[in-house]
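Enquirer: I have a structure I would like to understand better, so I am pasting it below and will then ask my questions one at a time.
Values quoted throughout were computed directly from the atomic coordinates according to the rules given, and no laboratory measurement underlies them. Computed from a predicted model, the values in this text were never measured in an experiment. As a convention, Cβ positions derive from the backbone with ideal geometry for all residues, glycine included, and neighbour counts pool all protein chains shown.
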Amino acid sequence: MNLSVCIKQVPDVSAPISIKEGTLSQDTDRMVLDAYSASAVEEALVLTEKHGGEVQVVLVGPEKAKETIRKALAMGAASGVHILIEDISGLDSSAFAEILAAWHKKASFDAILTGKQSQDTDAGLTGSMLAWNLELPFAANAVGLQFENDSFIVKRQGDSGQEMVELKSPCLITCSNDMNDPRIPSLKGIMQSKRKTVETVTPADLGIEASALNSDSKTERKGFKEVPGREPGKKFEGEADEMVSNLMNLLENEAKVL
Amino acid sequence: MSKILVHVATADGKIKRSSLEVLSYCRKLADDNGLGLEAAVLDIDPSRYTDALNTYGPDKIYNLKHPIFSNHLSSPVIDAFSLLVEKSSPRLVAFASTESTKEVMGALAARHNAAAIPDVASFTLNGNSVDAERPVMAAKVLSKTSSSSDLVFVSVRSGSYDTAEKPGTAEVEEVAFDFDEAGLKSVLKEVISSAGDKVDLSEAEVVVAAGRGIKDEEGRKLIEDLANSLGAAVGASRAVTESGLFPATLQIGQTGKVVSPQLYFAVGISGAIQHVAGMANSKVIVAINKDPDAPIFQYATYGLVGDLFKILPLLTEQIKQVKAG
């Protein structure tokens, strides 16, 4: 079984963040493997360990993102594809999906795995757009995945309950971070990753003109702003029974929500 | 006249509140911009919602009836809704952001060569531009995202807008939809409902959510007792779904469910920004935490600093009395 995992390099969202004149400023410029991508890599590795085959990771991004491909290789992916675009700041999900579709039209795979969204934008569009572009059966927000009789059995988190969906191969599945705990690369894995192949391709190699990239993007980011705060509330300390009486009074007579 | 098309999400014979919020706001947006408002219902029996929809004043309702909508597969929804996009020819399509929406919106936008702005906290129309704000970077900031595409899809986080009635009488069009189930490339095998799914968390009017402070089974029992006394849905922070004390389906936050109840109890929850992103649209927030400096108190309408193991039994008892009242 050969699995292609689309991964993304993202800023470390756990680092403190501030906004200066509409642009983001972080204390660190540390870039990391997106956590949802990491879950997709982990799940692909588990499947190939059970059923044989290899995992290839595919990343769209600048030269600096190569370190993120190496991370996935150190986890155990067999090879990497780096679709090299130095400035991805103007690209939205539509553009990423076009680029990834162009690569996968030439590739062979039993399934494509992606994160259900990425930690930086939380958009969650690229997977379903890519599935549409490649006309693949698709399931989003997988929390479990099995392979039986040439089909993938996806357990996905729906709005009410979990849904078991069977997808014929080849197909595309987006992965939740609730699916697994991605492995930490071992020292051996890190050493081996240095000898693994990373193929670098340009959009031109895929038949995409540089000028077309931005017109594939249909949305534009106009800047950032603070999340609005809430009105300050009332805070009580002291004996439990007194606090509960105060709260009951407010819920009934001020907020009127009981 | 150009139009806004709203997808109407239904569950168990009811229109989802989050869809009514979107419909209410889009009625106003359509009026302000001289646009028509159309609603699309995909259901096994869509006409049962017509009266309720008329309360919110769409100009037209498309009813698309098919037994396939009784299951949760996305590909029939994509095909059916595409048909309506072609019929309606809107400039803007609005969804309530749900797990089901997330599975179809990207494919729909790609199919119609349209822009997609998902999971917005707010959006508006400015001339040819759709301008939205959506939380990014683990919900620490809002991104201002715009599109001037001829067709734009947006999905709206629940609780972003209030419902507002505006009664009218819509023209109703029954749309025929043929779907070849034999051609399906995906098959729904089973739906697994856990106990926690009895009340749909994202639609609930009252939510009692548990965090690390509840510690163990005893704490969980106190949470469930309080929820039962209120007829509330139970939710949880990532810390206690990861520990296995609550199922992952109940996780509230940026990576879990977004809730917007009238009343939200955050019990033993410190208030990490990722959790707050999933509940900050709640109308009244009650926080119970022993740490007076817990960030959750910055969001709380009413904050109780103290031991939840003492507070919850008293609170549950008093609520029972009021409800019996």
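Enquirer: Highest mean first, what order results for A:38-51, B:305-318 on Cβ atoms within 10 Å?
Expert: Packing order, densest peptide first, comes out as A:38-51, B:305-318.
Enquirer: Kirkwood hydrodynamic radius of the range B:1-81 from all distinct Cα pairs, in Å?
Expert: Values: mean 1/r = 0.0772 Å⁻¹.
By the Kirkwood definition, the hydrodynamic radius is 13.0 Å.
Enquirer: Indicate the gyration tensor shape class of the range B:216-296 (rounded, prolate or oblate), computed on the Cα atoms with a ≥ b ≥ c the square roots of the eigenvalues: a/c under 1.5 is rounded; otherwise a/b larger than b/c is prolate and the rest oblate.
Expert: rounded
Enquirer: Then there is this: Restricting to bridges with both residues inside the protein assembly as shown, how much of the DSSP beta-bridge set is antiparallel, in percent to the nearest 5?
Expert: The antiparallel proportion sits near 35 percent.
Enquirer: Another question about this same structure. What number do you get for the range A:135-198 when its Cα radius of gyration is normalised by 2.2 N^0.38 Å, N = residues?
Expert: In units of the 2.2 N^0.38 Å rule of thumb, it is 1.44.
Enquirer: What does the structure give for B:275-283 when I average, per residue, the other chain Cβ atoms found within 10 Å of the residue Cβ?
Expert: Rounded to a whole number, the mean comes out at 1.
Enquirer: Mind checking the log10 I(q)/I(0) for the range B:3-183 at q = 0.13 Å⁻¹? Debye, one equal scatterer per Cα, no solvent, two decimals.
Expert: -0.60
Enquirer: What Kirkwood hydrodynamic radius do you get for the range B:166-274 when you take the inverse of the mean 1/r over all pairs of distinct Cα atoms, in Å?
Expert: Its Kirkwood hydrodynamic radius stands at 16.3 Å.
Enquirer: Where in the range A:53-68 does the amide nitrogen come within less than 20 Å of the point 7 Å from the Cα of A:Arg195, taken along Cα to Cβ?
Expert: Of the residues in the range A:53-68, A:53-57 have backbone N under 20 Å from the label point off A:Arg195.
Enquirer: Can you check what the net charge comes to around A:Met243, using other residues whose Cβ is under 11 Å from the Cβ of A:Met243 (Lys, Arg +1; Asp, Glu -1)? Intermediate results must be reported in sequence, preceding the final value.
Expert: Values: positive: A:Lys234, A:Lys235, B:Lys310; negative: A:Glu237, A:Glu239, A:Asp241, A:Glu242, B:Asp307.
That works out to -2.
Enquirer: Compare A:Ser18, A:Ser93, A:Ser37 in a GNM of chain A, Cα atoms joined below 10 Å, and give the one with the largest fluctuation.
Expert: Of the options given, A:Ser18 has the highest mean-square fluctuation.
Enquirer: Ok, one more. Could you tell me the calculated FRET efficiency between A:Glu242 and B:Asp150, based on Cβ-Cβ distance and R0 = 60 angstrom, to the nearest 0.05? Write down the numbers at each step before the final one.
Expert: Values: r = 61 Å, r/R0 = 1.02.
Efficiency, from the Cβ-Cβ distance: 0.50.
Enquirer: Tell me the Rg and the Dmax, in Å, that the Cα atoms of the range A:40-161 produce.
Expert: Here Rg and the maximum Cα pair distance are 14.6, 42 Å.
Enquirer: Could you work out, residue by residue across A:235-246, how many beta carbons of other chains sit within 10 Å of that residue's beta carbon, and then give the average as an integer?
Expert: 6
Enquirer: What's the center-to-center distance, using Cα atoms, between the range B:249-266 and the range B:1-76 in Å?
Expert: Spelled out, the Cα-based centre of one part sits 24 Å from the other.
Enquirer: With all pairs of different alpha carbon atoms counted, what Kirkwood hydrodynamic radius in Å does the range A:3-216 show?
Expert: Here the Kirkwood hydrodynamic radius works out to 17.5 Å.
Enquirer: Let me ask you something else. Based on DSSP, what percent of beta bridges with both residues in the range A:3-216 are antiparallel, to the nearest 5?
Expert: In the range A:3-216, DSSP labels about 45 percent of beta bridges as antiparallel.
Enquirer: Sorted by average packing, counted as other Cβ atoms within 10 angstrom per residue and highest first, what order do B:2-11, B:114-123 take?
Expert: B:114-123, B:2-11
Enquirer: Which of the peptides B:273-285, A:216-228 is most tightly packed, and how do the rest follow, judged by the mean count of other Cβ atoms within 10 Å per residue? Don't skip to the end; give the middle numbers.
Expert: Values: B:273-285: 22.5, A:216-228: 16.2.
Per-residue Cβ counts within 10 Å, averaged per peptide and sorted highest first, yield B:273-285, A:216-228.
Enquirer: Taking the Cα atoms only, what angle lies between the long axis of helix A:93-106 and the longest principal axis of chain A, rounded to 10 degrees?
Expert: Around 30 degrees separate the two axes.
Enquirer: Starting from 0 in steps of 20 Å, tell me what percent of the Cα-Cα pairs of the protein assembly as shown lands in each bin.
Expert: In whole percents, the pair-distance histogram is 20, 54, 25, 1.
Enquirer: Using 1/(1 + (r/R0)^6) with R0 = 25 angstrom and r between the beta carbons of A:Val46 and B:Lys189, what's the FRET efficiency to the nearest 0.05?
Expert: About 0.75, to the nearest 0.05.
Enquirer: Within 10 Å of each Cβ of A:138-146, how many other protein chain Cβ atoms are there on average?
Expert: Numbers: counts 9, 4, 9, 4, 0, 2, 0, 0, 0.
If you average over the peptide's residues, the count of other-chain Cβ atoms is 3.
Enquirer: Now for a separate question. How many percent of the alpha carbon pairs in chain B exceed a separation of 34 Å? Provide the component values of the computation, followed by the final result.
Expert: On the way: 15150 of 52650 pairs.
Pairs farther apart than 34 Å: 29 percent.
Enquirer: If you don't mind, there's one more thing I want to ask. Hey, what D do you get for the range A:98-158 in µm²/s if you plug the Kirkwood alpha-carbon radius into Stokes-Einstein at 10 °C and 1.306 mPa s?
Expert: Taking Rh from Cα pairs, D becomes 125 µm²/s.
Enquirer: Give the distance, in whole Å, between the Cα centre of the range B:293-325 and the Cα centre of the range A:147-224.
Expert: 43 Å
Enquirer: Compute the length gained on full extension between B:Glu205 and B:Glu217: take 0.36 nm times their separation in residues and subtract their Cα-Cα distance, giving the result in nm to one decimal.
Expert: 1.8 nm
Enquirer: Specify the residue with the greatest mean-square fluctuation among B:Asp180, B:Asp293, B:Asp150, computed from a Gaussian network of chain B linking alpha-carbon atoms under 10 Å apart.
Expert: Judging by the Gaussian network model, the answer is B:Asp180.
Enquirer: Next up: Take chain B, connect every pair of alpha-carbon atoms lying under 10 Å apart with a spring to form a Gaussian network, then pick out the residue of B:Leu201, B:Leu142, B:Leu23 with the largest mean-square fluctuation.
Expert: B:Leu142
Enquirer: Would you compute, from DSSP H runs of 4+ residues alone, the mean residue ellipticity of chain A at 222 nm, taking -39500 (n - 2.57) per run and dividing by the full residue count, rounded to the nearest 500?
Expert: -8500 deg cm²/dmol
Enquirer: For chain A, find the longest principal axis of its Cα atoms and tell me its angle to the long axis of helix A:35-51, 0 to 90°, nearest 10.
Expert: 50 degrees
Enquirer: Now for a different question. In this model, which of A:Lys64/A:Lys225; A:Lys20/B:Lys102; B:Lys14/B:Lys102; B:Lys102/B:Lys144; A:Lys50/A:Lys105 are farther than 24 Å apart at the alpha-carbon? Please list the in-between numbers first.
Expert: Numbers: A:Lys64/A:Lys225 27 Å; A:Lys20/B:Lys102 31 Å; B:Lys14/B:Lys102 20 Å; B:Lys102/B:Lys144 20 Å; A:Lys50/A:Lys105 27 Å.
With Cα atoms farther than 24 Å apart: A:Lys64/A:Lys225; A:Lys20/B:Lys102; A:Lys50/A:Lys105.
Enquirer: How many nm separate the modelled label positions at B:Thr50 and A:Ala210, each set 7 Å beyond the Cα in the direction of the Cβ?
Expert: The two pseudo-label positions are separated by 5.8 nm.
Enquirer: Could you please state, rounded to a whole Å, how far the C-alpha centre of the range B:152-211 is from the C-alpha centre of the range A:237-258?
Expert: 34 Å
Enquirer: For the range A:171-258, place one equal point scatterer on every Cα, skip the solvent, and apply the Debye formula. What is log10 of I(q)/I(0) at q = 0.12, 0.25, 0.26 Å⁻¹?
Expert: Here the Debye-derived log intensity ratios amount to -0.86, -1.20, -1.25.
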